[in-house]
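Colleague: Have a look at this one.
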Amino acid sequence: MKVTLKWLKDFIDIDLTPEELANKLTNSGNEVEEIIYQDRFLKHVVVGKILDIQKHPNADKLVVCKVDIGEIIQIVTAAKNIKVGDKVPVSLPGADLANGIHIEKSKLRGVESNGMFCSIEELGVTDYDGDANGIMILDDDAVIGEDIAKALLMDDVIFDINVTANRPDCMSVIGIAHEISALTGKPLKKQDLSYETCDCDEDVSNYINVVVKDEKLCPRYIACAVKDVKIEKSPRWLRARLVSVGIKPINNIVDITNYVLVEYGQPMHAFDYDYIDGKQIIVRSATDSEKILTLNHNTYDLDNSMLCICDKNKPIVIAGIIGGMNSCVEPTTKTTILESACFDRASIRRTSRKIGVRTDSTARFEKGVDCSLQPLGMKRALNLVYKLNAGKIIKGEIDTIKEIPKDKTFKFSLSKIFKLLGVTIPNNDVLNILNNLGIKSSIKEDDLECLVPYYRQDIECDADIAEELIRIYGYEVYDNIDAKPLSGTSVTIGKHDSVLYLARSLKQQLCSYGFYETVNFSICSVNDRDKLLIDETNHLYNMIKIANPISEDIGYLRTTMANSMFNTVAYNLSHKNDEFRLFEVGRVYLPKQLPLTELPDEINILSFCSVCKRDDFFVFKGVVENLLRDFDISYDLVYSSKCYLHKGISADIIDKKTGKCIGSFGKVHPKVAENFDISPNTYYGELNLDFLSSCQEKKHSVQPISKYPYVDRDLAIVCDEDVTVKQILDCVKKSCGKLYYSAKVFDIYRSSELNNKKSVAFSFRLESKDKTLTDDEINQVVHKILKDLEFKLKAVLR
Amino acid sequence: MLEQVQSLLSQAKKQIEECQDLKVLNDIRVEYLGKQGKITNLLHSMKDIDKEERPKAGQLINSARQEIEGLIKDVQIKLNEKVLEEKMANEKVDISEPSKVIEKGEIHPLHKVFDKLIDACVSMGFTVLTGPEVEYDYYNFEALNVPKDHPARDMQDTFFITDNILMRSQTSSVQVRAMQSMKPPFKIVSPGRTYRADSDATHSPVFHQFEGLVVDKNVSMVDLKSMLTQLLKMLFGENTKIRFRPSYFPFTEPSVEVDATCPSCGGKGCRLCKNTGYMELLGAGMVNPKVLEMSGIDSNQYTGFAFGPGVDRLAMVVNKIPDLRMMFENDMKFLEQMK
């Protein structure tokens, strides 16, 4: 929101520099985002009067002018729209204009030129009726030699303030003036808002009747009438003020309503009385079939959630948002009805969003205009009508409020306030701060009694007053306080989150295997689903859709980590990274049903991936085995059912106790690799962290080490391709019986000589706790192993 | 005899001393001490000597034999050592060749900061809690004193799923869940992902927050300040100072923005802090009594403070990351810089 220094000075004396004032406002909660000096492009630009225009001796398109700027100077120009006697803006050497031009003395085709005449674009002027392309022609009463900033009333300083949502009362010049008063201790100036009504018997009630259908949505509506209206341009000072805060001047009546909006924060509206059917204003919700053509030349379909100002037959304003063309004030307007109303902020906010229109009026109403402000706004508007002689004010006002809102008295506790702040503020500072904020206060021992103005709806409890005090008193008070951390609090025992803590240890392990952690978006494109070959029959198909996405690429919640990872792999491959290992800890979002009626399951997953020549399925298997080793679980590996993995080079990890799938890993499905444009030699794995965090840590019970020699033997067998290593080792284990200690495969050999069979070489170790095994005993075991392998797996000794 | 022995001895000594090779040394040993060796032959020739002189001559020869044996042994040790040295010299490797162990990966800079914050807070008695990212409007807004259609909702553009289910726009939602499930006094922190419909050079639609909440009987803004000072010192160094500026959040009162002295210039002013000497790092405040009451905590008895830094920003400041987007592109050229 913008306010200007001069405008503020109408309300309070300010002897701070603009920068000092901005600092004070920022440090008390009204952040000044920008200080704009209106004259920043107008330095060294003055009013000049053209005395003489002569042809340029060497150029047809140029003329040589004598200009009076307090002294007579010579300027060469190509301008066409000037004549002798015109007063124009003259930029002199040293000027830096709005369009970036820097002015210096120069010679144009051999003739000296000591400056330049300016157009409105070069000056940054927006409010001008003349030819926008030519030189700006000033009014006749402009003073020769005067700074142009002063002549154009562009010598103000504008503050762009970020008003927080809890302070709608600061959305106005008077609101900011109140804050300055509290900050500087200077009182507000008394305002003269007087006006005279016209000398006739009429009363506003002869003109108009106001009916409010829903007082919750419109707690207050004040209407006044002005007749014999002379619609014309507003005076320069008023237009200049509006322009300075970014509002376009229209005509005197509309400008007055906008002026009041900026000055007091009360949005107003003016109707052309002759277009109000039935001489009746009805504040009601629209019906579903109604439409309105508004001042921005758009037509909106209304519905019954939208509050409107209507006449007997039709909506004439979308309440608090924008007026209709059908009743707006025009040059032909004879009589106008002025509206100063209060609308429910939530309703305005909803409607504004629905139709997509935000105006200065909406900006105030949706933050909350309180219902004590309307009379003041109306008073100021009528005062301006009177001052500008814009029409005859009819006696009386229609005010729909039944009970005038009153300021509330609160009793606060000083000790509680100081306890919350952790610092003490002297009583007289407390009183000064509050009284200057307009909160009449007194202190009796611990009691702080405050009469809180109605417009300070945000003040209700000790904490609210604490904030008012500390923000004005200054947060610097904390700068030098150095207490022990949390010394005022009870002793509590710190505790990690089990999933995060587990994830951390697994992450560290992955790092030591050369994996780097990534952070991917958990929202993705719905197309990823097809790329992963997920079809309707798959539970991963049901993705939650964001109702208002900013882009379709991130319009859905992922149901697997795989697409995030594959997209990141693709990104890296296309950015000249060709060998890498990555992992991510994140969530997938599985809805119980769609559309959502309850929160989805959010599952924490560890996903990991490798694009490395040296990595294959068995490297990943080793990584998984090691990651799972610390848990008290036993699992089986079965060929994976994950549609995005290679059917024959992948595994699901199945918990034996519950039958649940803890995770999966393997080579990426060739089609998926193609879809994501990644290497077909990409390996991917995922583990369910929620499941793992529910598992116990593995418990160990250490066995004694046998005193007798361990016996190692190697055997090589030939078997069919589909006999698995697991089957062989299981068989060996069983055959060894009590003597079994360990067995492992150390070589698998395939050759055409073996007739589509494979040779598997394994070693096994036998152990006896109570004696040295004899050759005979060992040979018996070997014999049994071979017999069993042959019988069960049709495997023979090689 | 004596002369013969002495001559043999000095001859042997010379040969042994000059010997540079184990094989030659062995030849010398055979030459003198072998079965047909010169010394051995002398012993054999004893029978030709007078009986009386025999013991003396035997002694003489034996001591010569011992001396030669000793000398050979010494040289043998020396030569063995020399051979070993030569062998090792030949086996020398180029130690600048690459290692054969897989090079370690790294934790993402974002999570390095998360982990530091979590560890610091757990050590200060905080319980780490997480909450759902797909959240009810109630926990994300209403119970935090932001009713439907409240102007404060404009402070953040929220992704909605349905009318009352949304992508949480702040980890403060976990505050509410904590207050409703735990009995004060308690201290909690909640790290996690948050979402806003905002995407530009300084805003990511997915970002990360670290929410902290303390509810107890005597909590004041001084506790808030000292706690945050401690946390930020841990991240940015012991000389870090912080300051408060007034702000507004619906769920805290008073509310503050917290600035820390710029870790780059230490508060002198530089390009990174736009010459202010400070960096805006997080929002904080005393828990609004209304929020306590809404979650069933007696605000007459208990007060609390809350804070919520954006962790992406902290990670950027800590690691001088020039562009927010680098954090989520996961380019290896970025990740490898965390080594």
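The values are calculated or read from the model by the stated rules, or taken from the named source; none is laboratory data. Bear in mind that the values here come from a model prediction, so they are computed numbers and not experimental data. Cβ: placed from backbone, ideal geometry, glycine included. Neighbour counts: every protein chain shown.
Colleague: Quick one: in segment B:155-168, of everything that is facing chain A (nearest Cβ under 8 Å) and under 24 Å from B:GLU293 (Cα atoms), which residue is farthest from the chain's Cα centre (by Cα)?
Modeller: It comes out as B:ILE165.
Colleague: Considering only segment A:343-359, I want to know if a residue exists there that is more than 14 Å from every other protein chain (Cβ to nearest Cβ), within 28 Å of B:LYS148 (Cβ to Cβ) and crowded, with 24+ Cβ neighbours inside 10 Å. Write out each step before concluding.
Modeller: Filtering segment A:343-359 for residues more than 14 Å from every other protein chain (Cβ to nearest Cβ) gives A:355-357, A:359.
Now restrict to residues that are within 28 Å of B:LYS148 (Cβ to Cβ): A:355-357, A:359.
Still in the running and crowded, with 24+ Cβ neighbours inside 10 Å: none.
For segment A:343-359, residues more than 14 Å from every other protein chain (Cβ to nearest Cβ), within 28 Å of B:LYS148 (Cβ to Cβ) and crowded, with 24+ Cβ neighbours inside 10 Å: absent.
Colleague: Among the listed residues A:GLY70, A:GLY48, A:GLY29, identify the single one that is in a loop (DSSP other than H, G, I, E, B), surrounded by 18 or more Cβ atoms within 10 Å (Cβ to Cβ) and in contact (Cβ under 8 Å) with a residue 60 or more places away in the chain. Talk me through it step by step, then tell me what you get.
Modeller: Working: A:GLY70 fails: surrounded by 18 or more Cβ atoms within 10 Å (Cβ to Cβ); A:GLY48 fails: in a loop (DSSP other than H, G, I, E, B).
Criteria check complete, one pass: A:GLY29.
Colleague: Being assigned to a loop (DSSP other than H, G, I, E, B) and more than 7 Å from every other protein chain (Cβ to nearest Cβ) is true for just one of B:ASP119, B:ASP94. Which residue is that? If you could, list the steps in order and put the result at the bottom.
Modeller: Values: B:ASP119 fails: assigned to a loop (DSSP other than H, G, I, E, B).
Of B:ASP119, B:ASP94, the one residue that is assigned to a loop (DSSP other than H, G, I, E, B) and more than 7 Å from every other protein chain (Cβ to nearest Cβ) is B:ASP94.
Colleague: Also, I was wondering about something else. If a residue has to be more than 9 Å from chain A (Cβ to nearest Cβ), touching a Phe, Trp or Tyr at 6+ places or on another chain (Cβ under 8 Å) and surrounded by fewer than 22 Cβ atoms within 10 Å (Cβ to Cβ) to count, how many in segment B:136-154 make the cut?
Modeller: Number satisfying all stated conditions: 1.
Colleague: Are there any pairs with C-beta distances below 8 angstrom linking a residue in segment B:217-238 that is away from chain A (no Cβ under 11 Å) to a residue that is surrounded by fewer than 19 Cβ atoms within 10 Å (Cβ to Cβ), with the two at least 6 apart or on different chains, and if so which?
Modeller: What qualifies is B:LEU235/B:LYS116; B:LEU235/B:VAL318; B:PHE236/B:VAL318.
Colleague: Applying the selection to segment A:111-160, what residues are among the polar types (S, T, N, Q) and crowded, with 16+ Cβ neighbours inside 10 Å?
Modeller: Taking segment A:111-160 and keeping what is among the polar types (S, T, N, Q), we get A:113-114, A:119, A:126, A:133.
Across segment A:111-160, the qualifying residues are A:SER113, A:ASN114, A:SER119.
Colleague: Anything in segment A:574-615 that is over 20 Å from A:PRO680 (Cβ atoms), part of a strand (DSSP E or B) and β-branched (Val, Ile, Thr)? List them, or say none.
Modeller: Correct list: A:VAL585, A:VAL588, A:ILE603, A:ILE605.
A quick yes/no check of all residues on (1) facing another protein chain (nearest Cβ under 9 Å); (2) crowded, with 24+ Cβ neighbours inside 10 Å; (3) part of a loop (DSSP other than H, G, I, E, B):
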| site | (1), (2), (3) |
| --- | --- |
| B:ARG177 | no, no, no |
| B:VAL189 | no, yes, no |
| B:ARG193 | yes, no, no |
| B:ALA197 | yes, no, yes |
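Colleague: Return the residues of segment A:500-519 that are touching a residue at least 24 places away in the same chain (Cβ under 8 Å) and at the interface with another protein chain (Cβ under 7 Å from one of its Cβ atoms); say none if nothing qualifies.
Modeller: A:LYS507, A:LEU510, A:TYR513, A:GLY514, A:PHE515, A:TYR516, A:GLU517, A:THR518, A:VAL519, listed by residue number.
Colleague: Out of (1) surrounded by fewer than 21 Cβ atoms within 10 Å (Cβ to Cβ); (2) touching a Leu at 6+ places or on another chain (Cβ under 9 Å); (3) at positive phi; (4) not acidic (Asp, Glu), the odd one out for A:ASN389 is which?
Modeller: (2)
Colleague: Residues to consider are B:PRO309, B:PRO322; find the one that is assigned to a loop (DSSP other than H, G, I, E, B) and more than 10 Å from chain A (Cβ to nearest Cβ). Spell out the reasoning first.
Modeller: Values: B:PRO309 fails: assigned to a loop (DSSP other than H, G, I, E, B).
Residue meeting the stated conditions: B:PRO322.
Colleague: Mind telling me which of the residues A:SER234, A:SER194, A:SER181 ends up being in a helix (DSSP H, G or I) and touching a residue at least 24 places away in the same chain (Cβ under 8 Å)? Full working, then the answer.
Modeller: Details: A:SER234 fails: in a helix (DSSP H, G or I); A:SER194 fails: in a helix (DSSP H, G or I).
Answer to the selection: A:SER181.
Colleague: Only residues that are away from every other protein chain (no Cβ under 12 Å) and farther than 22 Å from A:LYS671 by Cβ: list them for segment A:543-569, please.
Modeller: Across segment A:543-569, the qualifying residue is only A:GLU552.
Colleague: Considering segment A:643-672 alone, what residues qualify as being without any contact (Cβ under 8 Å) to a residue 24 or more places away in the chain and buried (at least 19 other Cβ atoms within 10 Å of the Cβ)?
Modeller: A:ASP652
Colleague: Would you say A:SER525 is closer than 23 Å to B:VAL128 by Cα, more than 11 Å from chain B (Cβ to nearest Cβ) and surrounded by fewer than 23 Cβ atoms within 10 Å (Cβ to Cβ)? Steps first, answer last, please.
Modeller: Details: closer than 23 Å to B:VAL128 by Cα: no; more than 11 Å from chain B (Cβ to nearest Cβ): yes; surrounded by fewer than 23 Cβ atoms within 10 Å (Cβ to Cβ): yes.
The answer is no for A:SER525.
Colleague: Moving on. Residues of segment A:472-496 being crowded, with 20+ Cβ neighbours inside 10 Å and either at pLDDT 95 or above or more than 7 Å from chain B (Cβ to nearest Cβ) (or both), which ones?
Modeller: The answer is A:ILE472, and nothing else.
Colleague: Another question about this same structure. Go over the candidates A:ILE523, A:ILE417 one by one and state the one that is more than 30 Å from A:ILE12 (Cβ to Cβ) and in contact with a strand residue (DSSP E or B) (Cβ under 9 Å, 6 or more places away or on another chain). Walk me through it before giving the result.
Modeller: Working: A:ILE417 fails: more than 30 Å from A:ILE12 (Cβ to Cβ).
It is A:ILE523.
Colleague: Looking at the structure I just gave you, is A:VAL90 under 18 Å from A:VAL47 (Cα atoms), in contact with a Gly (Cβ under 7 Å, 6 or more places away or on another chain) and of a type in the set (A, V, I, L, M)? Quick ask: steps written out before the conclusion?
Modeller: Values: under 18 Å from A:VAL47 (Cα atoms): yes; in contact with a Gly (Cβ under 7 Å, 6 or more places away or on another chain): yes; of a type in the set (A, V, I, L, M): yes.
In short, yes.
Residues are listed down the side, and each one gets a yes or a no for (1) modelled with pLDDT of 95 or more; (2) within 21 Å of A:GLU330 (Cα to Cα); (3) assigned by TED's automatic domain parsing to the domain that holds A:LYS367:
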site	(1), (2), (3)
A:ILE253	yes, yes, yes
A:THR257	yes, yes, yes
A:TYR264	yes, no, yes
A:GLY278	no, yes, yes
A:LEU295	no, yes, yes
A:LEU307	yes, no, yes
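Colleague: Moving to a separate point now. Are any residues in segment A:160-195 in contact with a strand residue (DSSP E or B) (Cβ under 7 Å, 6 or more places away or on another chain) and either within 30 Å of B:ASN145 (Cα to Cα) or acidic (Asp, Glu) (or both), and if so, which ones?
Modeller: The first filter runs over segment A:160-195 and keeps only residues in contact with a strand residue (DSSP E or B) (Cβ under 7 Å, 6 or more places away or on another chain), leaving A:160-162, A:164-166, A:173, A:176, A:195.
Of everything in segment A:160-195, those that are in contact with a strand residue (DSSP E or B) (Cβ under 7 Å, 6 or more places away or on another chain) and either within 30 Å of B:ASN145 (Cα to Cα) or acidic (Asp, Glu) (or both) turn out to be A:ASP160, A:ILE161, A:ASN162, A:THR164, A:ALA165, A:ASN166, A:VAL173, A:ILE176.
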